[in-house]
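The values are calculated or read from the model by the stated rules, or taken from the named source; none is laboratory data. Bear in mind the structure is a predicted one, so any value in this text is a computation, not a measurement. Cβ atoms come from the backbone with ideal geometry, glycine included; neighbour counts cover every protein chain shown. In case anyone asks, the SASA skips ligands and DNA or RNA and just uses the protein heavy atoms, side chains included. Shrake-Rupley method; radii C 1.70, N 1.55, O 1.52, S 1.80 Å.
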Amino acid sequence: MLAKDFRYGFRMLVKDPWFTLVASLALGLGIGLNTTVFTFVNAVLIRGLPYDRPEEIFVLNSRDTATGDESAVSYPDFVDWRAQTKTFSGLGAFQPATMNLSDSGHPPERASGVFVTANTFSLLGQPLLLGRDFAPTEDQKNATPVVILSHGLWKSRYGSDPTVVGRSVKINETSCTIIGVMPEGMRFPMNADLWRPLVPDANLEKRDSRQLSPFGRLASGVTRTAAQTELSGIAAQLREEYPDTNKTIDARLETFNERFNGGPIRAVFLTLLGAVGFVLLIACANVANLLLARSATRAREVAVRIALGAGRLQIVRQLLIESTLLACLGGLLGLGLAYVGVGLFDAAVANVGKPYWIKFTMDWRVFGFMALVCLATGIIFGLAPALQVSRTNVNEIIKEGGRGTSASGRSRRLASAMVVAELALTLVLLVGAGLMVRSFLKLYALNLGFETNRLLTMSTVLAVQKYPGPDRQRQFFDAMLQRVRALPGANAAAIASSLPLNGGNGRTIDIEGRPTPDEKQAPRVSVVTVSPGYFDVLGAKPRAGRDLTDVDGTPGSEVVVVNERFVAKYFEREDPLGHRVRLTASGRENTPSAWLTIVGIVPNIRQGNPQAIEADAVMYQPYRQRPSASMNLMIRAAGDPSALTTSIRQAVQAVDPDQPVFNVRTLDELLAQSRWPYRVFGSMFTIFAIIALVLSAVGIYAVTAYSVTQRTAEIGVRMALGAQPTQLSWLILKQGLWQLGLGLTLGLAAAWPASKALQSLVAQISTTDPVTFSVIAVVLTVVMLIACIIPARRAMRLDPLAALRAE
C-alpha cells in the first residue's frame, strides 16, 4: 500500500512540474541553510577531539566557590587528584608556553609550545609519525631535555627530513634532543607546534600557583556525574588539609569544546542555528500555503477517492507522503547548497585561530540531521493542508469548486495565520541582520585615535633564561630600537606591551590626595608600557603636557601619560597634569607601585574591545620604568611597510642571533583580523534575512493573489453594483495590511528579547537600538505593501462580465 502511495505521489509531483520546482526550491533553501549551519555547530560544539572515544576525555579546572570564578590547577593539587581518582583511567596535564626555537642552519623562530606530562599521548591514544613518545621518567627533575615536533613545524623548518630525529635544538636557551614528529593535523591541546615534558620547578610546586590544565579519560563505564562527584570529594578533602591555599577551591569537569568554544562562541553558533530554523519555518509556511491553494484544484480528485471508500487517514497519509517526497527533493537541492556554504565559510575562517580539531566537514551526524529535517519538514508543511482537505465530507469538497464554502474560509484563515507567522519570523531575522550590519559600519567608521596606514607590527618574547632581569631586557630593547630606527624606509619605531585594540593590563589605581576606596569602587585603568616615540609612530600628538622621553622611567623620574578618557572619568573638573597616581597591589604584585606623575594627555587611542561604545581609560608608562620580556615592535614606514620585514628581522638578529620575531603584520591586517566576526557572521545573518524577506514577500503576494482569484465572482458582483476601483483595491489591500500589522506587532515583540542573543557580536550600538528596529520595520512594511498592491491592482483591472462568468 505504501509503495503504491509513493508511486502515486511521484506522479502527482511530475504532473505539476512548476509547483514542484517552486516548492522544492523554497524548501531547498531552508534545508540547505540548516544543514550548513548544523555542520558548523557539529564541528564547534558537538564532535569533540579527533581521538578514540572523545566523549570520555575531559579537562579539569579549579573553581572558587566564593566567587564562582574558574582558573587553572596547581601542580600539587593535580598530583593529589591523580593519586586518588578511581573514576579516571589516567590524568595528564598541560601548560601552554611561548618557545623560542633556534639551531644551526635555520633562522630563529617563535613556536607555540606546550609542556605536557609524559603520559599525555598514551592517554589520548595518539601515535607518532616518526620517533618515540616521552618516556615515563622524562617529566622528572634532572631528566635529559627532549622535544617532539608537530608535522607542520617539521615540514616548514626541516623540509620533512626524517633524519631530524636525534638532532639537538635550542629552545628558550635550553638544548633539547628531538625524539619524535607528530602526524599531520595533530596539535594538542590548542594549535601547538612542539611539546616538551612538564618538569615542575619551585614556582610550579606551590599549591597556590595555579598554572596547569589537567585532563583525563574516564574509566570504562564511569559517567561524567560520577567523576565530578569524586573530584569534588577529593577537593573537599584538600580544603581540610590545606585551608590556607584551598579554602574555597572545588574541581569542575568540562569537555574540550566547553573549555575552548564556550561562552560567546557557543551563543553565536546557536543563534545562527535558530536563525536558519526561522528561514526553514518561513519556507514551510510558504509551501503550506501553496498546498492550500493547490488543494482547491485537487478537490474533485479527493472527493472521488472519498466516494470510492478512501478513509480520512488514507487521504492524510497520501498527502503527507507527497509532502515528504517534496521535502526530500528540497533536501537534495539543499545538500548541494550546504556543500557550497560550508566551503565558503571554511575559507573565510581559515586563519582566525580556531582550535586544530575543528574541521568543517559533513559526517554521519550532519547527514542524520538533514534526514530528520527533511522528514520533519514534510510533516510540518504538509499536515495542515492534509487535515484541511480531509476534514469535510464529499458534498462540501465538491462545493469548493463552486461559490466557496466554510472550508475555503478556513483555508484562507489558515493561510493568513501562516503569513502573519512568516512576517514575525522575518522581522526577527531582519533585526538581527540590521544590528550586525550597523555594527560593521560603525566599526569601520570608528575613530581609532591614530593613523593605521603604513604601520608594521611584530612581536618578540625574550627567554628569561637569557634575559633574567629588567636591566638585561632594557639593554636588548634599547639596542633593537636603535638599529630598527636607523633602517632606510623606517620613519619611526617604538615598542609597546600591547598593540591598539588588543587590550592592556587592567589595574586599579590610587589618586594622591583622595580617599582610598575599596577594591570594587577603585578607579580602573588599562596600563600599557611603551617606549619614547610611541605616539609619533601612531601619529597621535599629545593634547596637553608632553610626550615620554628617554629619561622617563629612571629613578626620580617616575611618570605616566594618560588619555582623554582617563581625564574625563577621574579629573573632570581639574587639570590632571602634575597630579600623582599609583598602581595598587594586585595579583603577583604584593605592594603598590611608586607614585607616578601625570606629564601628558593624549587622544583616545582605542586600546580595548571595539564593541565598547566608550574608549578605555588608559595610562601609558615608560618601559624603562616597567620592563617586560614580551613586547610588540611598531614601525611607521615611508612606503610599503611589508618591504621592511626582512631588514627588521636582520636588525633584531644582529642584536641576538637566537631571538625571533613573529606575528609580522600591518596594522590594517590586524584591524581586518579583529573585524572578521562582524564581517563573516554579519554577512551570514544578512543572507538569511534577505532570503526570509524574499520568501515572506512571495508568500504574502501568493496569498493575496489567491484571495483575488477566489473572490473573482464577488468582485464582479460588486463592480456590477457600482463599486469603484479604489474601493475594490482597498477590499483586497486591507487583508494584507491586517496581516502586516499583526506580523509587525508580534515580530517586534519577539525581536526585542531575541536580539540579546547577539550581545557578543554587536559593537558600538545597543542590541535594542531604536534606529535599527525602526528602519527594519519600515523596510518590511514597504516590501510587504508592494507584495499586496500588485494583486490589488490586478483586481481593479478585472472585466465585470468576465468576473461574473467566472462563477
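Along the Cα-to-Cβ line of Glu451, 7 Å from the Cα, sits a label point; which residues in region 518-558 have backbone N less than 11 Å from it?
Label zone hits: 536-541.
If Lys and Arg each add +1 and Asp and Glu each add -1, what is the summed charge of the other residues whose beta carbon sits under 10 Å from the beta carbon of Val618?
Residues near Val618 contribute 0 overall.
Provide the gained length on full extension for the span Ile687 to Glu614, in nm with one decimal, where the gain is 0.36 nm per separating residue minus the Cα-Cα distance.
Between Ile687 and Glu614, full extension yields 23.3 nm more.
Would you give the gap between the C-alpha center of region 645-704 and the C-alpha center of region 91-141, rounded to a whole Å?
Cα centroid of region 645-704 versus Cα centroid of region 91-141: 32 Å apart.
Using 7 Å Cα-to-Cβ label points, what is the Arg167/Asp208 separation (nm, one decimal)?
Going from the Arg167 label point to the Asp208 one covers 4.6 nm.
Which ³J(HN,Hα) values in Hz, rounded to whole numbers, follow from the phi angles of region 110-120 under the Karplus curve 6.51 cos²θ - 1.76 cosθ + 1.60, where θ = phi - 60° and Gly and Pro get x?
My calculation for region 110-120 gives 8, 10, 7, x, 7, 8, 10, 5, 5, 8, 4 Hz in order.
Angle between the Cα long axis of helix 224-241 and the longest principal axis of the chain, 0 to 90 degrees, nearest 10?
30 degrees
Would you kindly compute the Cα radius of gyration of region 610-665 and its largest Cα-Cα separation (Dmax), both in Å?
Here Rg and the maximum Cα pair distance are 15.4, 44 Å.
Taking θ = phi - 60°, what integer Hz values does the Karplus form 6.51 cos²θ - 1.76 cosθ + 1.60 yield along region 277-287, in sequence order, with x for Gly and Pro?
Per-residue couplings from phi come out as x, 4, 4, 5, 4, 5, 4, 4, 4, 4, 5 Hz.
Sort the following peptides by mean Cβ neighbour count (other Cβ atoms within 10 Å, averaged over residues), highest first: 568-575, 43-50.
Averaged packing, sorted descending, gives the order 43-50, 568-575.
When a/c is below 1.5 the answer is rounded, else prolate if a/b is larger than b/c, else oblate, so apply that to region 505-612 with a ≥ b ≥ c taken from the square roots of the Cα gyration tensor eigenvalues.
Since a/c stays below 1.5, the shape of region 505-612 is classed as rounded.
Report, in degrees rounded to the nearest 10, the 0 to 90 angle that the Cα long axis of helix 2-15 makes with the longest principal axis of the chain.
The answer is roughly 80 degrees.
Express the accessible area of the chain per residue in Å², computed with a 1.4 Å probe while the remaining protein chains stay in the model.
Spelled out: the 1.4 Å probe surface of the chain, per residue, equals 44 Å².
Tell me the label-point distance for the pair Thr554, Val694, using the 7 Å Cα-to-Cβ offset, in nm and rounded to one decimal.
Inter-label distance under the simple model: 6.9 nm.
Answer with a single label: of (1) 51; (2) 57; (3) 62, which was calculated as percent of Cα pairs over 35 Å apart from the structure in view?
(3)
Summarise the accessible area of the chain (1.4 Å probe, protein heavy atoms) by the percent that is carbon and sulfur.
Here it works out to 58 percent.
Using the beta-carbon distance between Ala585 and Asp64 and R0 = 22 Å, what value does 1/(1 + (r/R0)^6) give for FRET efficiency, to the nearest 0.05?
0.70
Set the Förster radius R0 to 45 Å, insert the Cβ-Cβ distance between Leu332 and Arg543 as r into 1/(1 + (r/R0)^6), and round the FRET efficiency to 0.05.
0.10
Straight-line reach only, C-alpha to C-alpha below 26 angstrom: list the lysines that Lys247 could link to, leaving out same-chain residues fewer than 8 apart.
In chain and number order, the partners are Lys86, Lys206, Lys520.
If eta is 0.692 mPa s and T is 37 °C, what Stokes-Einstein diffusion coefficient results for region 411-466, Kirkwood Rh from Cα pairs, in µm²/s?
197 µm²/s
Set the Förster distance to 30 Å, then compute FRET efficiency between Glu254 and Leu383 from the Cβ-Cβ distance, nearest 0.05.
Working from the Cβ atoms, E equals 0.15.
Under a crude label model (7 Å from the Cα following the beta-carbon direction), how far is Arg53 from Asp363 in nanometres?
Output for this residue pair reads 1.6 nm.
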